[in-house]
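> Supplied in structure tokens, the structure appears directly below.
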Amino acid sequence: MEKGENREGSLDAPIRHPIDWKNPEFHSQDALYNELERVFDHCHGCRRCVNLCNSFPTLFDLVDQSSTMEVNGVNKQDYWKVVDQCYLCDLCYQTKCPYIPPHAWNIDFPHLMLRAKSVKFQQGRVTNSEKILSSTDAVGKLAGIPIIVNVVNAANKIKPVRKVLDKLLGVHPEAGIPAYHSKTLRKRMQREFSAPDHFAQSIGKTKATEKTTGKVVIFATCYGNYNAPDLGEDLVQVLKHNQIPVTLVDREQCCGMPKLELGDLESVAKAKETNIPHLVAMVDDGWDIIAPVPSCVLMFRQELPLMFPNDDQVQKVAKAIFDPFEYLMLRHRGGLLNTEFKQSLGKVAYHVACHQRVQKIGLKTKACLQLIPDTDVTAIERCSGHDGTYGVKSKFYKMARKLGRPVVNKVIQSDADHYGSDCPMAGKFIEHALADGSTTSHPISLVRKAYDI
């Protein structure tokens, strides 16, 4: 018996193994089934994750309803029901599982689900509608064309059109769909960033801290560029207010997270080949990177380094990219954050995004907001249920709403003046579920409001 095999949990520091996606065995269905059975058997005997996503209740119901009431009684074809319910939030690995590496049982449930999704994609069992929904760059560019953007945004509010969208793309008729903008963040910032004196006044005043250079290049993200350009504008203004020179990456495409969640790892690799060289060039020139969407930061900080563990450029970007509030609080630690806030925010209900939590940076957003006078922040550490396209798909919409109900109830109970999430999509999902006419506010927008700029 391997040492520690029967040990309950582990006191060792958790580690993450590289994703061996180039190994032919990775896509062997028989090998996958064997590993799924092994891990599912341990999960069945533990059941600590039952209150996270719907993967675990689905698994446990399959076991309990089988002839043996054990995993060996479950039809292996039903394993895919568990896989389909996982949206790779990573919380089971980060917050619940006592058997993650280096424990002898070596359980990494999210990356096992990723492997299964990749096998499914390679087998051609992913629908065209799912491929379209995960092509965020292409959809954003098309929907954001002037005139077309008005048609798209208007059509998304018409019930007959939504029924057609349900049939064509599997988007639930009641799901909230983000608006598209023809005047994207990149277009809005083009004039400001191209001005000859844009950096002249601030570059000379740049001050570094132990972990920050004091110069920021923003990776806008698909959502930040096409769906929420105002978020990027607010981030730019907050950074400038703190005497931080800021610009956008000269070229970018989707970080690859939607394709990762689909199991399309080759597309993730192609996105990496586009993004990494441009980001590395900025890092080599002394710039830090910030992305306003947690999933994109996680992609560069965790998933790409695990997919390409021997790529020095990927590792360089991983060390230089920051969550917005992580960056602001690092500046605060160095005595360089402007804390002269002009307006209080009152009560703030703050949803902690899953893909921010798993970065292990702590509650930096809450800490920053609490620097604002007369501001009381309630942090809500539960999944909103949205997670990319999961919350808009017809086959998952009702479950997504159920998973997000505790978050919505917490927002209501807090009687907050403002509510929002580090993930703008999660914030919109909460707004959609509340359906009371209120509007979500991203925390970085609240900081701009408190600065009164």
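> Which is of a type in the set (Asp, Glu) and within 23 Å of residue 442 (Cβ to Cβ), of 273, 261?
Answer to the selection: 261.
> Sticking with this structure for a sec: Considering segment 260-278 alone, what residues qualify as being more than 17 Å from residue 117 (Cβ to Cβ) and either buried (at least 16 other Cβ atoms within 10 Å of the Cβ) or acidic (Asp, Glu) (or both)?
Matches in segment 260-278: 272, 273, 275, 276, 278.
> Pairs, please: C-beta under 7 Å, at least 6 apart or cross-chain, first residue more than 16 Å from residue 318 (Cβ to Cβ) and in segment 268-288, second among the basic types (Lys, Arg)?
Every condition considered, the pairs that remain are 286/215.
> Return yes when residue 54 is among the polar types (S, T, N, Q), surrounded by fewer than 20 Cβ atoms within 10 Å (Cβ to Cβ) and either under 28 Å from residue 259 (Cβ atoms) or in contact with a Cys (Cβ under 7 Å, 6 or more places away or on another chain) (or both) and no when it is not.
Here the answer is no, as residue 54 does not meet what is asked.
> Also, quick follow-up: So, residue 295, is that one surrounded by 23 or more Cβ atoms within 10 Å (Cβ to Cβ), part of a loop (DSSP other than H, G, I, E, B) and not basic (Lys, Arg) or not?
The answer is no for residue 295.
> Could you list, in sequence order, the residues of segment 1-54 that are among the small types (Gly, Ala, Ser) and either modelled with pLDDT of 95 or more or in contact with a Ser or Thr (Cβ under 8 Å, 6 or more places away or on another chain) (or both)? It would help to see each step written out before you state the result.
Restricting attention to segment 1-54, the residues satisfying the condition of being among the small types (Gly, Ala, Ser) are 4, 9-10, 13, 28, 31, 45.
Those that are among the small types (Gly, Ala, Ser) and either modelled with pLDDT of 95 or more or in contact with a Ser or Thr (Cβ under 8 Å, 6 or more places away or on another chain) (or both): 4, 28, 31.
> Considering only residues of segment 307-357 that are within 26 Å of residue 434 (Cα to Cα), part of a loop (DSSP other than H, G, I, E, B) and of a type in the set (A, V, I, L, M, F, W, C), which is farthest from the chain's Cα centre (by Cα)?
Per the stated criteria, the residue is 345.
> For residue 442, which of the numbered conditions (1) modelled with pLDDT under 95; (2) open to solvent by less than 50 Å² (accessible area, probe 1.4 Å) fails to hold?
(1)
> OK, next. Report yes if residue 258 is in contact with a helix residue (DSSP H, G or I) (Cβ under 7 Å, 6 or more places away or on another chain), of a type outside the set (Gly, Ala, Ser) and over 18 Å from residue 320 (Cα atoms), otherwise no.
yes
> Something else: With the checklist (1) in a loop (DSSP other than H, G, I, E, B); (2) open to solvent by 30 Å² or more (accessible area, probe 1.4 Å) in hand, flag the one item residue 78 doesn't pass.
The failed condition is (1).
> In addition: Among the numbered conditions (1) at pLDDT below 90; (2) farther than 30 Å from residue 381 by Cβ; (3) not basic (Lys, Arg), tell me where residue 122 comes up short.
(1)
> Tell me which residues, restricted to segment 99-127, are more than 23 Å from the chain's Cα centre (by Cα) and either of a type in the set (S, T, N, Q) or open to solvent by 20 Å² or more (accessible area, probe 1.4 Å) (or both).
102, 104, 105, 106, 122, 123, 124, 125 - these are the residues of segment 99-127 that are more than 23 Å from the chain's Cα centre (by Cα) and either of a type in the set (S, T, N, Q) or open to solvent by 20 Å² or more (accessible area, probe 1.4 Å) (or both).
> Quick one: count up the residues across segment 370-407 that are charged (D, E, K, R) and either open to solvent by less than 50 Å² (accessible area, probe 1.4 Å) or assigned to a helix (DSSP H, G or I) (or both).
6
The values are calculated or read from the model by the stated rules, or taken from the named source; none is laboratory data. Quantities reported herein were computed from a predicted structural model and do not represent experimental measurements. So basically every Cβ, Gly included, is an ideal-geometry build from the backbone, and we count neighbours across all protein chains shown. We work out accessible area using only protein heavy atoms, side chains counted, and drop any ligands, DNA or RNA first. Shrake-Rupley method; radii C 1.70, N 1.55, O 1.52, S 1.80 Å.
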